[in-house]
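Data block below; observations after.
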Amino acid sequence: MTHNVALKPLNTFAIDVLAHHVVTAHTEAELLMLWRQANKENRPILLLGGGSNVLFLESYSGTVLLNRVKGITINEDNEAWHLHVGAGEIWHELVIYSLKRQMPGLENLALIPGCVGSAPIQNIGAYGVELQQLCEYVDILQLKTEKKSRISATECQFSYRKSIFVKHHLRHDYAIVAVGLRLRKTWKPVLSHGDLTKLDLHSVTPRQIFDAVCTTRRNKLPDPAMAGNAGSFFKNPVLKAKTANQLLTHYPDAPHYLQPDGRVKLAAGWLIDHCKLKGYQLGDAVVHDKQALVLINIGQATGDEIAALARYVRRQVAKKFAIWLEPEVRFIASQGEVDAIGVLS
Ligand code: FAD
Ligand code: EPU
């Protein structure tokens, strides 16, 4: 166990704060043991995967518990491969692993940073695919009762950037320890988004989709190793059809996506871009100049500085479009997670 540890290498925003302790669990037994120990010392606990969806507002006064419970097992039947994956596996490595073994299905979700255990929390998605289409179950360990339970995909209540785990996000009394995935043997390419529409539906291979997704992402999104960021800072707003249509009458070019329930998803990046905020800077916090939905740390930005920029962006968008964006990123203060909208209001 280490004391007063720098969290900078453990969060992709590269916010330079400390945690009182940082501990690593490689097995479920270790996870429980470390949880009990932190409880005994009366310290709050923060579970962390790759730290790619968090913003540290200040130093963390408790124990950061890195979930590195690994392992992949595969079962198959006539219809599908069933993968049981430890929460500590790296998501992108799992994508490569499955493709190498001729089990397609994850290719559209290439290059999403972070751990497998975090993927169900916000129902990760990209290029027309969301985790909910592939997830069979999530195994959790209730830390207080030390009981393990399996939550079916239906019980996870997945929707756009949401699940039962987001709803319970302020209570950290459970750990996701494994995720079950189902990859169908009758593979259907998903080519609905961006450059993927240029590929030929009849001859395309999973590897070509994987390559195209990686190329697009490398061109558009800043590499956290070069400029700290947590991907999209805000979620795309999903509006009632009537509200969306009013906006679209004024801005017919605004990208929009009809949802199965009749609502309409708008592109938050486009809204921010149309407020002319690309490149807008507050200290070392900057609106990315290729993708306005991404806020970046160009050096020594503090969590408060990033939050101040997010507050400014949110207010400008509300002023111009009467839409209040909701953060996707989770805000962490000294005692644990805090309500991000509250911080930005
Ligand atoms: P962390 O940031 O470590 O944790 C996120 C939250 O989950 C925290 O509240 C944490 O306490 C909690 N948590 C972590 N592990 C556990 C566990 N085992 N049990 C219980 N709670 C836990 N997301 C997308 O959906 N699509 C994208 O295309 C995408 N692109 C991105 C691109 C970049 C460059 C970056 C930096 C981020 C991107 N993201 C994207 C966001 C991010 O990668 C995902 O949200 C990812 O799933 C976060 O994983 P993580 O392990 O880093 O989570
Ligand atoms: N756009 C602009 N200006 C910008 C940014 C975007 O006009 O500065 C326009 C684009 O031209 C496009 C539309 O907005 O017409 C949507 O942009 P893009 O395709 O880049 O996707 P996004 O909606 O901004 C979402 C996810 C990403 C995911 C991509 C690819 C959310 C909040 N973000 O971004 O996920 O990788 O689609 O599918 O849903 C993340 O969650 O961290 C993340 C990166």
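Values computed for the structure shown
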{"quantity": "The range 62-79 residues that are closer than 30 Å to residue 7 by Cβ, paired with ones that are among the basic types (Lys, Arg) and surrounded by 15 or more Cβ atoms within 10 Å (Cβ to Cβ) (beta carbon under 9 Å, 6 or more apart)", "calculated": "62/43; 63/43"}
{"quantity": "Among the residues listed as 317, 338, the single one being among the β-branched types (Val, Ile, Thr) and touching a Cys at 6+ places or on another chain (Cβ under 9 Å)", "calculated": "317"}
{"quantity": "Residue within the range 270-280 that is under 19 Å from residue 220 (Cβ atoms), within 16 Å of ligand 1 (Cβ to nearest atom) and crowded, with 21+ Cβ neighbours inside 10 Å present", "calculated": "no"}
{"quantity": "Matching residues, the range 178-203, being within 16 Å of ligand 2 (Cβ to nearest atom) and free of Cβ contacts under 8 Å to residues at least 24 places away in the same chain", "calculated": "189, 195, 197, 198, 199"}
{"quantity": "The range 127-154 - residue that is surrounded by fewer than 20 Cβ atoms within 10 Å (Cβ to Cβ) and on the phi > 0 side of the Ramachandran plot and, of those, farthest from ligand 2 (Cβ to nearest atom)", "calculated": "146"}
{"quantity": "Flag if residue 235 is in contact with a His (Cβ under 9 Å, 6 or more places away or on another chain), in contact (Cβ under 8 Å) with a residue 24 or more places away in the chain and either over 30 Å from residue 10 (Cβ atoms) or surrounded by 18 or more Cβ atoms within 10 Å (Cβ to Cβ) (or both)", "calculated": "no"}
{"quantity": "Looking only at the range 23-79, and only at residues there that are within 14 Å of residue 175 (Cα to Cα) and acidic (Asp, Glu), the one that is surrounded by the most Cβ atoms within 10 Å (Cβ to Cβ)", "calculated": "28"}
{"quantity": "Residue satisfying condition, being at pLDDT 95 or above, surrounded by fewer than 20 Cβ atoms within 10 Å (Cβ to Cβ), basic (Lys, Arg) and outside any helix (DSSP H, G or I), within set 242, 188", "calculated": "188"}
{"quantity": "Filter result for residue 166 (in contact with a helix residue (DSSP H, G or I) (Cβ under 7 Å, 6 or more places away or on another chain), closer than 30 Å to residue 341 by Cα and either outside any loop (DSSP other than H, G, I, E, B) or of a type in the set (Val, Ile, Thr) (or both))", "calculated": "no"}
{"quantity": "Close pairs from the range 129-152: first more than 24 Å from residue 27 (Cβ to Cβ), partner in a strand (DSSP E or B), Cβ under 6 Å, at least 6 apart", "calculated": "134/181; 152/137"}
{"quantity": "Matching entry among 248, 199 (being under 22 Å from residue 273 (Cα atoms) and more than 14 Å from ligand 1 (Cβ to nearest atom))", "calculated": "248"}
{"quantity": "Verdict on residue 124 being under 17 Å from the mean Cα position of the chain (by Cα) and more than 15 Å from ligand 2 (Cβ to nearest atom)", "calculated": "no"}
{"quantity": "Odd one out for residue 206, checked against (1) surrounded by 15 or more Cβ atoms within 10 Å (Cβ to Cβ); (2) within 15 Å of ligand 2 (Cβ to nearest atom); (3) touching a residue at least 60 places away in the same chain (Cβ under 8 Å); (4) not hydroxyl-bearing (Ser, Thr, Tyr)", "calculated": "(2)"}
{"quantity": "Complete set of residues in the range 209-244 that are hydrophobic (A, V, I, L, M, F, W, C), touching a Lys or Arg at 6+ places or on another chain (Cβ under 9 Å) and farther than 11 Å from residue 295 by Cα", "calculated": "212, 238, 239, 241, 244"}
{"quantity": "Whichever residue in the range 96-126 is out of contact with any Asp or Glu (no Cβ under 7 Å at 6 or more places or on another chain) and within 16 Å of residue 215 (Cβ to Cβ) and, among such residues, is surrounded by the fewest Cβ atoms within 10 Å (Cβ to Cβ)", "calculated": "96"}
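One line per residue, one yes/no per condition, for (1) under 25 Å from residue 119 (Cα atoms); (2) among the polar types (S, T, N, Q):
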| position | (1), (2) |
| --- | --- |
| 254 | no, no |
| 260 | yes, no |
| 268 | yes, no |
| 278 | no, no |
| 316 | no, yes |
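The values are calculated or read from the model by the stated rules, or taken from the named source; none is laboratory data. Computed from a predicted structure; not experimentally measured. Every residue, glycine as well, gets a Cβ built from its backbone with ideal geometry; the counts of neighbours run over all protein chains shown.
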